[in-house]
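See structure below.
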Amino acid sequence: MINQILLLAYVTVILFLSWRLRQGTFSGFVLSDRNIATPAIIGVAYTAAYFSAASFLGGGGYGLTAGMPWVVFCAFFHVAFACLAWLMAGRIWEAAKEYDAKTVPQLLERRYRSPVGKVLLAAIMLVLYTVYLVPIFKGCATLLQGLIGVTYIQGLMLTVLIVAIYYAIGGLPAIIWIGFLQGVLMVGGAVLLYGSVLSTSGAFEIWSRIPAYVTSMNGIDLPWQRTLGMAFSISLGLLALPDLLIMIFSARDRRVVRFAGIYGPVSIAVYSICIFSLGVLAYGVLSGEQLGAFIKNPDSLVPFLARTYLPPGFDALVLLAAVSAAMSTISAIVLVTTTSLTSDILHYLRPGISESTVLRLTRLVGVVILITAAVSAIRVPSQIVPLVSISMGVIACCVFVPLVFGLYWRRGNSAGFVASLLASFISIVIWNFYGNTLIHPVFVGLICGGTAYITGSLFTSGFSSPKPEMLKG
(Lines give C-alpha, C1' and ligand atoms only; values in the text may rest on other atoms or scores of the structure.)
Protein backbone atom coordinates (compact mmCIF):
# COMPACT_ATOMS: atom_id res chain seq x y z
CA MET A 1 0.00 0.00 0.00
CA ILE A 2 2.86 2.39 0.82
CA ASN A 3 4.11 2.13 -2.77
CA GLN A 4 0.78 3.24 -4.18
CA ILE A 5 0.65 6.14 -1.69
CA LEU A 6 4.15 7.28 -2.65
CA LEU A 7 3.34 7.17 -6.36
CA LEU A 8 0.08 9.06 -5.82
CA ALA A 9 1.90 11.74 -3.79
CA TYR A 10 4.58 12.03 -6.47
CA VAL A 11 2.04 12.38 -9.29
CA THR A 12 0.07 14.95 -7.29
CA VAL A 13 3.16 17.11 -6.76
CA ILE A 14 4.28 17.08 -10.40
CA LEU A 15 0.78 17.79 -11.71
CA PHE A 16 0.44 20.69 -9.26
CA LEU A 17 3.76 22.12 -10.43
CA SER A 18 2.75 21.67 -14.06
CA TRP A 19 -0.41 23.66 -13.53
CA ARG A 20 1.42 26.43 -11.65
CA LEU A 21 4.04 26.65 -14.43
CA ARG A 22 1.62 26.42 -17.38
CA GLN A 23 2.52 28.54 -20.40
CA GLY A 24 0.42 30.43 -22.91
CA THR A 25 3.07 31.27 -25.52
CA PHE A 26 5.24 29.10 -27.73
CA SER A 27 8.44 30.72 -26.44
CA GLY A 28 7.37 30.10 -22.85
CA PHE A 29 6.36 26.53 -23.60
CA VAL A 30 9.58 25.46 -25.36
CA LEU A 31 12.14 27.77 -23.72
CA SER A 32 10.66 29.14 -20.49
CA ASP A 33 11.26 32.61 -22.02
CA ARG A 34 14.94 32.21 -20.99
CA ASN A 35 14.10 33.08 -17.37
CA ILE A 36 15.42 30.17 -15.27
CA ALA A 37 17.57 31.95 -12.68
CA THR A 38 18.60 29.17 -10.26
CA PRO A 39 21.79 27.31 -11.25
CA ALA A 40 21.02 24.21 -9.17
CA ILE A 41 17.66 23.80 -10.91
CA ILE A 42 19.25 23.72 -14.36
CA GLY A 43 22.28 21.62 -13.31
CA VAL A 44 20.31 18.88 -11.58
CA ALA A 45 17.50 18.90 -14.19
CA TYR A 46 20.20 18.44 -16.86
CA THR A 47 21.35 15.30 -15.01
CA ALA A 48 17.79 14.02 -14.64
CA ALA A 49 17.02 14.55 -18.33
CA TYR A 50 20.19 12.72 -19.36
CA PHE A 51 19.87 9.66 -17.13
CA SER A 52 16.73 7.57 -17.36
CA ALA A 53 15.25 4.24 -16.37
CA ALA A 54 17.49 2.82 -19.10
CA SER A 55 20.52 3.87 -17.05
CA PHE A 56 18.97 2.66 -13.81
CA LEU A 57 18.03 -0.76 -15.16
CA GLY A 58 20.32 -1.31 -18.14
CA GLY A 59 23.31 0.59 -16.75
CA GLY A 60 23.10 -1.14 -13.39
CA GLY A 61 22.79 -4.65 -14.81
CA TYR A 62 25.10 -4.35 -17.81
CA GLY A 63 28.16 -4.83 -15.60
CA LEU A 64 27.11 -8.46 -15.12
CA THR A 65 28.28 -9.24 -18.65
CA ALA A 66 30.72 -6.37 -19.28
CA GLY A 67 32.56 -6.47 -15.94
CA MET A 68 34.92 -3.84 -14.57
CA PRO A 69 35.51 -2.10 -17.94
CA TRP A 70 31.88 -0.96 -17.84
CA VAL A 71 32.37 0.70 -14.44
CA VAL A 72 35.68 2.35 -15.33
CA PHE A 73 34.79 3.56 -18.83
CA CYS A 74 31.31 4.80 -17.88
CA ALA A 75 32.53 6.68 -14.82
CA PHE A 76 35.44 8.25 -16.73
CA PHE A 77 33.54 9.29 -19.85
CA HIS A 78 30.48 10.55 -17.97
CA VAL A 79 32.52 12.74 -15.64
CA ALA A 80 34.90 13.94 -18.39
CA PHE A 81 32.16 14.73 -20.90
CA ALA A 82 29.97 16.38 -18.25
CA CYS A 83 32.82 18.74 -17.32
CA LEU A 84 33.54 19.45 -20.99
CA ALA A 85 29.86 20.06 -21.71
CA TRP A 86 29.57 22.69 -18.99
CA LEU A 87 32.82 24.35 -20.06
CA MET A 88 31.19 24.81 -23.49
CA ALA A 89 27.79 25.74 -22.05
CA GLY A 90 28.46 29.47 -21.73
CA ARG A 91 29.33 29.79 -25.40
CA ILE A 92 26.32 27.67 -26.38
CA TRP A 93 24.04 29.92 -24.31
CA GLU A 94 25.49 33.05 -25.95
CA ALA A 95 24.99 31.58 -29.41
CA ALA A 96 21.37 30.64 -28.70
CA LYS A 97 20.61 34.11 -27.38
CA GLU A 98 22.47 35.91 -30.19
CA TYR A 99 20.61 33.97 -32.88
CA ASP A 100 17.33 33.98 -30.89
CA ALA A 101 17.17 30.19 -31.32
CA LYS A 102 14.46 28.20 -29.59
CA THR A 103 15.60 24.77 -30.82
CA VAL A 104 18.95 23.18 -31.67
CA PRO A 105 18.12 22.78 -35.40
CA GLN A 106 17.12 26.45 -35.42
CA LEU A 107 20.43 27.46 -33.80
CA LEU A 108 22.43 25.55 -36.40
CA GLU A 109 20.24 26.85 -39.25
CA ARG A 110 20.95 30.44 -38.27
CA ARG A 111 24.63 29.82 -37.66
CA TYR A 112 25.06 28.24 -41.11
CA ARG A 113 22.13 29.96 -42.91
CA SER A 114 20.95 26.53 -43.97
CA PRO A 115 17.20 25.79 -43.86
CA VAL A 116 17.89 22.45 -45.58
CA GLY A 117 20.31 21.47 -42.84
CA LYS A 118 17.76 22.42 -40.21
CA VAL A 119 15.05 20.24 -41.74
CA LEU A 120 17.47 17.33 -42.23
CA LEU A 121 18.62 17.44 -38.61
CA ALA A 122 15.04 17.81 -37.37
CA ALA A 123 14.00 14.72 -39.39
CA ILE A 124 16.91 12.69 -37.95
CA MET A 125 15.93 13.78 -34.43
CA LEU A 126 12.27 12.93 -35.02
CA VAL A 127 13.02 9.36 -36.10
CA LEU A 128 15.89 8.54 -33.72
CA TYR A 129 14.39 10.13 -30.64
CA THR A 130 11.22 8.11 -31.16
CA VAL A 131 13.39 4.99 -31.25
CA TYR A 132 15.28 6.19 -28.17
CA LEU A 133 12.00 6.56 -26.26
CA VAL A 134 11.15 2.88 -26.70
CA PRO A 135 13.73 1.40 -24.25
CA ILE A 136 12.98 4.19 -21.77
CA PHE A 137 9.30 3.28 -21.83
CA LYS A 138 10.28 -0.35 -21.33
CA GLY A 139 12.34 0.59 -18.29
CA CYS A 140 9.63 2.73 -16.76
CA ALA A 141 6.91 0.11 -17.25
CA THR A 142 9.17 -2.57 -15.77
CA LEU A 143 9.80 -0.40 -12.71
CA LEU A 144 6.10 0.31 -12.23
CA GLN A 145 5.52 -3.44 -12.27
CA GLY A 146 7.85 -3.79 -9.32
CA LEU A 147 6.64 -0.64 -7.58
CA ILE A 148 2.85 -1.05 -7.58
CA GLY A 149 2.28 -4.51 -9.05
CA VAL A 150 0.64 -3.50 -12.35
CA THR A 151 1.12 -5.46 -15.57
CA TYR A 152 3.69 -4.34 -18.14
CA ILE A 153 0.99 -2.95 -20.45
CA GLN A 154 -0.67 -1.09 -17.58
CA GLY A 155 2.74 0.36 -16.70
CA LEU A 156 3.11 1.70 -20.24
CA MET A 157 -0.35 3.23 -20.13
CA LEU A 158 0.27 4.85 -16.75
CA THR A 159 3.56 6.33 -17.97
CA VAL A 160 1.90 7.85 -21.03
CA LEU A 161 -0.90 9.34 -18.95
CA ILE A 162 1.32 10.99 -16.34
CA VAL A 163 3.92 12.38 -18.75
CA ALA A 164 1.35 13.53 -21.30
CA ILE A 165 -0.51 15.60 -18.72
CA TYR A 166 2.46 17.47 -17.31
CA TYR A 167 4.13 17.86 -20.70
CA ALA A 168 1.04 19.28 -22.38
CA ILE A 169 0.28 21.67 -19.53
CA GLY A 170 3.65 22.98 -18.42
CA GLY A 171 6.14 22.59 -21.27
CA LEU A 172 9.83 23.23 -20.58
CA PRO A 173 9.34 25.18 -17.31
CA ALA A 174 7.50 22.21 -15.82
CA ILE A 175 10.04 19.78 -17.28
CA ILE A 176 12.97 21.67 -15.72
CA TRP A 177 11.48 22.24 -12.27
CA ILE A 178 10.03 18.74 -12.05
CA GLY A 179 13.32 17.43 -13.47
CA PHE A 180 15.12 19.05 -10.53
CA LEU A 181 12.91 17.19 -8.05
CA GLN A 182 13.32 14.00 -10.06
CA GLY A 183 17.09 14.49 -10.15
CA VAL A 184 17.27 14.81 -6.37
CA LEU A 185 15.24 11.61 -6.06
CA MET A 186 17.46 9.83 -8.59
CA VAL A 187 20.80 10.74 -7.03
CA GLY A 188 19.50 10.11 -3.51
CA GLY A 189 18.08 6.74 -4.55
CA ALA A 190 21.33 5.74 -6.29
CA VAL A 191 23.40 6.58 -3.20
CA LEU A 192 20.95 4.78 -0.91
CA LEU A 193 20.96 1.61 -3.01
CA TYR A 194 24.74 1.59 -3.46
CA GLY A 195 25.31 2.13 0.25
CA SER A 196 22.79 -0.55 1.25
CA VAL A 197 24.42 -3.16 -0.99
CA LEU A 198 27.88 -2.37 0.41
CA SER A 199 26.65 -2.39 4.01
CA THR A 200 25.30 -5.95 3.82
CA SER A 201 28.76 -7.45 4.47
CA GLY A 202 31.10 -4.50 4.36
CA ALA A 203 32.80 -3.02 1.31
CA PHE A 204 36.13 -4.82 1.72
CA GLU A 205 34.53 -8.22 2.21
CA ILE A 206 32.25 -7.81 -0.78
CA TRP A 207 35.12 -6.78 -3.04
CA SER A 208 37.19 -9.73 -1.80
CA ARG A 209 34.44 -12.13 -2.92
CA ILE A 210 34.32 -10.78 -6.46
CA PRO A 211 36.25 -13.13 -8.80
CA ALA A 212 39.39 -11.80 -10.46
CA TYR A 213 37.97 -12.26 -13.97
CA VAL A 214 35.15 -9.84 -13.08
CA THR A 215 37.51 -7.08 -11.89
CA SER A 216 39.90 -7.63 -14.80
CA MET A 217 39.89 -4.96 -17.51
CA ASN A 218 39.60 -7.69 -20.16
CA GLY A 219 35.83 -7.90 -19.67
CA ILE A 220 33.65 -10.96 -19.00
CA ASP A 221 31.38 -11.94 -21.89
CA LEU A 222 32.03 -8.75 -23.85
CA PRO A 223 35.47 -7.62 -25.10
CA TRP A 224 36.64 -4.42 -23.46
CA GLN A 225 36.74 -2.71 -26.87
CA ARG A 226 32.97 -3.08 -27.29
CA THR A 227 32.38 -1.81 -23.76
CA LEU A 228 34.62 1.18 -24.43
CA GLY A 229 32.60 2.07 -27.53
CA MET A 230 29.30 1.60 -25.73
CA ALA A 231 30.33 3.84 -22.82
CA PHE A 232 31.75 6.49 -25.17
CA SER A 233 28.64 6.53 -27.35
CA ILE A 234 26.26 6.91 -24.43
CA SER A 235 28.40 9.55 -22.68
CA LEU A 236 28.75 11.62 -25.87
CA GLY A 237 25.13 12.58 -25.40
CA LEU A 238 26.17 14.86 -22.53
CA LEU A 239 27.86 17.12 -25.08
CA ALA A 240 25.28 17.27 -27.81
CA LEU A 241 21.81 15.85 -27.07
CA PRO A 242 19.21 18.52 -27.94
CA ASP A 243 17.02 17.65 -24.94
CA LEU A 244 19.94 18.71 -22.70
CA LEU A 245 21.02 21.74 -24.73
CA ILE A 246 17.59 23.39 -24.47
CA MET A 247 18.08 23.53 -20.70
CA ILE A 248 21.17 25.64 -21.27
CA PHE A 249 19.14 27.83 -23.67
CA SER A 250 16.59 28.48 -20.89
CA ALA A 251 19.04 30.11 -18.44
CA ARG A 252 18.49 33.78 -17.67
CA ASP A 253 22.15 34.78 -18.08
CA ARG A 254 25.65 33.36 -18.41
CA ARG A 255 26.22 33.50 -14.64
CA VAL A 256 23.41 30.99 -14.14
CA VAL A 257 25.01 28.71 -16.73
CA ARG A 258 28.44 29.02 -15.09
CA PHE A 259 27.23 27.96 -11.65
CA ALA A 260 24.93 25.28 -13.06
CA GLY A 261 28.18 23.75 -14.32
CA ILE A 262 29.03 22.85 -10.73
CA TYR A 263 25.82 21.00 -9.89
CA GLY A 264 25.61 19.11 -13.20
CA PRO A 265 28.98 17.29 -13.20
CA VAL A 266 28.87 16.56 -9.45
CA SER A 267 25.44 14.94 -9.60
CA ILE A 268 26.42 13.02 -12.76
CA ALA A 269 29.61 11.72 -11.10
CA VAL A 270 27.78 10.50 -7.98
CA TYR A 271 25.00 8.81 -9.94
CA SER A 272 27.38 7.17 -12.45
CA ILE A 273 29.63 5.59 -9.84
CA CYS A 274 26.75 4.32 -7.71
CA ILE A 275 24.61 2.84 -10.49
CA PHE A 276 27.14 1.54 -13.02
CA SER A 277 29.06 -0.43 -10.39
CA LEU A 278 26.06 -2.48 -9.20
CA GLY A 279 26.53 -5.23 -11.79
CA VAL A 280 30.08 -5.88 -10.59
CA LEU A 281 29.12 -5.66 -6.91
CA ALA A 282 26.43 -8.29 -7.51
CA TYR A 283 29.19 -10.90 -7.89
CA GLY A 284 30.13 -10.24 -4.27
CA VAL A 285 26.63 -10.49 -2.77
CA LEU A 286 24.63 -12.98 -4.87
CA SER A 287 24.87 -16.75 -5.22
CA GLY A 288 25.91 -18.43 -8.45
CA GLU A 289 22.35 -19.54 -9.11
CA GLN A 290 21.03 -15.99 -8.67
CA LEU A 291 23.75 -14.57 -10.89
CA GLY A 292 22.90 -17.04 -13.64
CA ALA A 293 19.30 -15.81 -13.75
CA PHE A 294 20.29 -12.15 -13.88
CA ILE A 295 22.97 -12.66 -16.52
CA LYS A 296 20.17 -13.90 -18.79
CA ASN A 297 18.09 -10.80 -17.96
CA PRO A 298 20.43 -8.04 -16.65
CA ASP A 299 17.70 -5.39 -16.62
CA SER A 300 16.00 -7.13 -13.67
CA LEU A 301 19.03 -6.88 -11.36
CA VAL A 302 18.49 -3.39 -9.91
CA PRO A 303 14.82 -3.91 -8.86
CA PHE A 304 15.89 -7.16 -7.17
CA LEU A 305 18.72 -5.46 -5.28
CA ALA A 306 16.33 -2.70 -4.16
CA ARG A 307 13.75 -5.14 -2.86
CA THR A 308 16.35 -7.38 -1.19
CA TYR A 309 18.87 -5.05 0.43
CA LEU A 310 16.92 -1.92 1.30
CA PRO A 311 14.88 -1.56 4.51
CA PRO A 312 11.10 -1.97 4.15
CA GLY A 313 9.63 1.06 2.42
CA PHE A 314 12.96 2.36 1.16
CA ASP A 315 12.85 0.04 -1.83
CA ALA A 316 9.78 1.95 -2.97
CA LEU A 317 11.72 5.24 -2.77
CA VAL A 318 14.52 3.84 -4.95
CA LEU A 319 12.13 2.42 -7.53
CA LEU A 320 10.22 5.71 -7.51
CA ALA A 321 13.54 7.48 -8.12
CA ALA A 322 14.05 5.30 -11.19
CA VAL A 323 10.52 6.01 -12.41
CA SER A 324 11.30 9.71 -11.94
CA ALA A 325 14.42 9.31 -14.05
CA ALA A 326 12.40 7.78 -16.86
CA MET A 327 9.66 10.38 -16.83
CA SER A 328 12.14 13.25 -16.74
CA THR A 329 13.96 11.94 -19.81
CA ILE A 330 10.76 11.10 -21.69
CA SER A 331 9.27 14.55 -21.20
CA ALA A 332 12.42 16.39 -22.32
CA ILE A 333 12.82 14.15 -25.37
CA VAL A 334 9.18 14.54 -26.39
CA LEU A 335 9.52 18.33 -26.22
CA VAL A 336 12.56 18.53 -28.52
CA THR A 337 11.19 15.84 -30.84
CA THR A 338 7.87 17.62 -31.20
CA THR A 339 9.39 21.04 -31.75
CA SER A 340 11.69 19.57 -34.40
CA LEU A 341 8.51 18.69 -36.30
CA THR A 342 6.22 21.63 -35.52
CA SER A 343 8.69 24.50 -35.23
CA ASP A 344 11.49 23.40 -37.56
CA ILE A 345 9.93 21.26 -40.31
CA LEU A 346 6.42 22.76 -40.33
CA HIS A 347 7.72 26.34 -40.30
CA TYR A 348 9.91 25.45 -43.27
CA LEU A 349 6.94 24.07 -45.22
CA ARG A 350 4.46 26.75 -44.08
CA PRO A 351 6.36 29.92 -43.12
CA GLY A 352 3.18 31.88 -42.42
CA ILE A 353 1.78 29.54 -39.73
CA SER A 354 0.80 31.37 -36.53
CA GLU A 355 2.54 30.88 -33.19
CA SER A 356 -0.70 29.86 -31.47
CA THR A 357 -1.26 27.11 -34.05
CA VAL A 358 2.31 25.86 -33.60
CA LEU A 359 1.81 25.78 -29.82
CA ARG A 360 -1.40 23.73 -30.10
CA LEU A 361 0.27 21.33 -32.53
CA THR A 362 3.31 21.02 -30.27
CA ARG A 363 1.08 19.91 -27.40
CA LEU A 364 -0.96 17.53 -29.56
CA VAL A 365 1.92 15.98 -31.51
CA GLY A 366 3.83 15.40 -28.27
CA VAL A 367 1.02 13.24 -26.94
CA VAL A 368 0.89 11.32 -30.24
CA ILE A 369 4.64 10.63 -30.04
CA LEU A 370 4.24 9.39 -26.47
CA ILE A 371 1.54 6.95 -27.51
CA THR A 372 3.53 5.78 -30.55
CA ALA A 373 6.65 5.08 -28.48
CA ALA A 374 4.62 3.29 -25.80
CA VAL A 375 2.97 1.02 -28.37
CA SER A 376 6.39 0.28 -29.89
CA ALA A 377 7.68 -0.64 -26.41
CA ILE A 378 5.30 -3.60 -26.15
CA ARG A 379 7.92 -5.71 -27.95
CA VAL A 380 11.55 -4.67 -27.46
CA PRO A 381 14.94 -6.43 -27.20
CA SER A 382 15.78 -8.11 -23.89
CA GLN A 383 18.61 -5.66 -23.12
CA ILE A 384 18.14 -1.90 -22.99
CA VAL A 385 21.73 -0.63 -23.24
CA PRO A 386 22.57 -1.51 -26.90
CA LEU A 387 19.39 0.13 -28.23
CA VAL A 388 20.01 3.25 -26.16
CA SER A 389 23.64 3.37 -27.25
CA ILE A 390 23.00 3.36 -31.00
CA SER A 391 19.99 5.72 -31.03
CA MET A 392 21.55 8.21 -28.61
CA GLY A 393 24.89 7.95 -30.41
CA VAL A 394 23.47 8.83 -33.83
CA ILE A 395 21.70 11.96 -32.53
CA ALA A 396 24.68 13.12 -30.48
CA CYS A 397 27.09 12.52 -33.37
CA CYS A 398 24.94 14.43 -35.87
CA VAL A 399 24.69 17.43 -33.52
CA PHE A 400 28.20 17.35 -32.03
CA VAL A 401 30.20 17.96 -35.20
CA PRO A 402 28.34 21.03 -36.56
CA LEU A 403 27.76 22.44 -33.06
CA VAL A 404 31.38 22.34 -31.89
CA PHE A 405 32.89 23.36 -35.23
CA GLY A 406 30.27 26.07 -35.56
CA LEU A 407 31.22 27.56 -32.20
CA TYR A 408 34.97 27.39 -32.60
CA TRP A 409 35.77 27.47 -36.34
CA ARG A 410 34.81 30.54 -38.35
CA ARG A 411 35.11 28.96 -41.81
CA GLY A 412 32.45 26.30 -41.34
CA ASN A 413 29.53 26.79 -43.73
CA SER A 414 26.23 25.33 -44.83
CA ALA A 415 27.83 22.81 -47.21
CA GLY A 416 29.96 21.44 -44.38
CA PHE A 417 26.92 21.35 -42.08
CA VAL A 418 24.77 19.32 -44.48
CA ALA A 419 27.69 17.08 -45.50
CA SER A 420 28.45 16.23 -41.86
CA LEU A 421 24.83 15.29 -41.15
CA LEU A 422 24.63 12.94 -44.13
CA ALA A 423 28.08 11.44 -43.53
CA SER A 424 27.50 10.84 -39.82
CA PHE A 425 24.07 9.30 -40.23
CA ILE A 426 24.85 7.10 -43.23
CA SER A 427 28.22 5.88 -41.92
CA ILE A 428 26.76 4.91 -38.53
CA VAL A 429 23.88 2.99 -40.09
CA ILE A 430 26.14 1.13 -42.51
CA TRP A 431 28.76 0.32 -39.88
CA ASN A 432 26.11 -0.88 -37.44
CA PHE A 433 25.08 -3.59 -39.91
CA TYR A 434 28.30 -4.39 -41.74
CA GLY A 435 31.25 -3.06 -39.73
CA ASN A 436 33.64 -4.61 -37.22
CA THR A 437 31.69 -5.17 -33.99
CA LEU A 438 34.72 -4.24 -31.87
CA ILE A 439 34.56 -0.68 -33.23
CA HIS A 440 31.45 1.21 -32.17
CA PRO A 441 29.56 2.91 -35.04
CA VAL A 442 29.73 6.30 -33.29
CA PHE A 443 33.52 6.39 -33.63
CA VAL A 444 33.06 5.91 -37.37
CA GLY A 445 30.30 8.54 -37.47
CA LEU A 446 32.44 11.15 -35.74
CA ILE A 447 35.37 10.57 -38.08
CA CYS A 448 33.23 10.59 -41.23
CA GLY A 449 31.12 13.52 -40.07
CA GLY A 450 34.13 15.60 -39.04
CA THR A 451 35.95 14.85 -42.30
CA ALA A 452 32.87 15.69 -44.39
CA TYR A 453 32.35 18.94 -42.47
CA ILE A 454 35.91 20.17 -42.97
CA THR A 455 36.06 19.04 -46.60
CA GLY A 456 32.66 20.50 -47.47
CA SER A 457 33.49 23.81 -45.82
CA LEU A 458 36.95 24.20 -47.33
CA PHE A 459 36.00 23.25 -50.88
CA THR A 460 32.92 25.44 -51.22
CA SER A 461 32.62 29.21 -51.41
CA GLY A 462 30.31 31.63 -49.68
CA PHE A 463 31.38 31.06 -46.11
CA SER A 464 28.66 31.64 -43.53
CA SER A 465 30.59 32.86 -40.52
CA PRO A 466 29.17 33.72 -37.12
CA LYS A 467 29.57 37.22 -35.83
CA PRO A 468 33.02 37.89 -34.34
CA GLU A 469 31.66 38.24 -30.80
CA MET A 470 30.24 34.71 -31.05
CA LEU A 471 33.78 33.32 -31.30
CA LYS A 472 35.05 34.95 -28.12
CA GLY A 473 35.87 32.74 -25.17
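The values are calculated or read from the model by the stated rules, or taken from the named source; none is laboratory data. Note that the structure is predicted; figures quoted are calculated from it, not measured. No Cβ is skipped: glycine too gets one built from the backbone with ideal geometry, and neighbour counts run over all protein chains shown. The protein model used for the area step is the full one, side chains on, heavy atoms only, and it has no ligands, DNA or RNA in it. Shrake-Rupley method; radii C 1.70, N 1.55, O 1.52, S 1.80 Å.
Remarks
- Across the stretch 1-106, Cα-Cα distances exceeding 19 Å account for 65% of all pairs.
- Proximal lysine pairs, the chain, alpha carbons under 19 Å, eight or more residues apart or interchain: 6
- Charge tally around residue 405: other residues with Cβ under 12 Å, Lys/Arg +1 each, Asp/Glu -1 each, net +3.
- From phi via Karplus (6.51, -1.76, 1.60), per-residue ³J(HN,Hα) for the stretch 355-369 in Hz, x at Gly/Pro: 5, 5, 5, 4, 4, 4, 5, 4, 5, 5, 5, x, 5, 4, 5
- Radius ratio Rg over Rh of the stretch 8-64, counting only Cα atoms, Kirkwood formula for Rh: 1.10
- Relative contact order [Cα under 8 Å, 6+ residues apart], the chain, whole percent: 32
- Electrostatic dipole magnitude of the chain [Cβ: Lys, Arg +1; Asp, Glu -1; Cα centre; debye, to 20]: 1020
- Rounded to the nearest whole Hz, the Karplus-based 3J(HN,Hα) values (6.51 cos²θ - 1.76 cosθ + 1.60, θ = phi - 60°) of the stretch 129-143 follow the sequence 5, 5, 5, 4, 5, 4, x, 5, 4, 4, x, 5, 5, 4, 5, with x at glycine and proline.
- Other residues whose C-beta falls under 14 angstrom from the C-beta of residue 120 contribute a net charge of -1, scoring Lys and Arg +1 and Asp and Glu -1.
- Accessible area of the chain belonging to carbon and sulfur atoms, whole % at 1.4 Å probe: 68
- Normalised per residue, the accessible area of the stretch 209-339 is 31 Å², obtained with a 1.4 Å probe and no contribution from ligands, DNA or RNA.
- Whole-Å distance, taken between Cα centres, linking the stretch 305-362 and the stretch 143-188: 9
- Kirkwood Rh, angstrom, the stretch 175-281 [1 / mean 1/r, Cα pairs]: 16.5
- Cα centroid of the stretch 92-136 to Cα centroid of the stretch 402-453, whole Å: 16
- From helices alone, the chain scores -26000 deg cm²/dmol at 222 nm; the rule is -39500 (n - 2.57) for each run of n ≥ 4 DSSP H residues, then divide by the residue total.
- Its alpha carbons considered, the stretch 269-391 gives a radius of gyration followed by a Dmax of 20.0, 65 Å.
- Dividing the Cα radius of gyration of the chain by its Kirkwood radius returns 0.96 for Rg/Rh.
- The stretch 1-56 versus the stretch 241-255: alpha-carbon centroid distance in Å: 15
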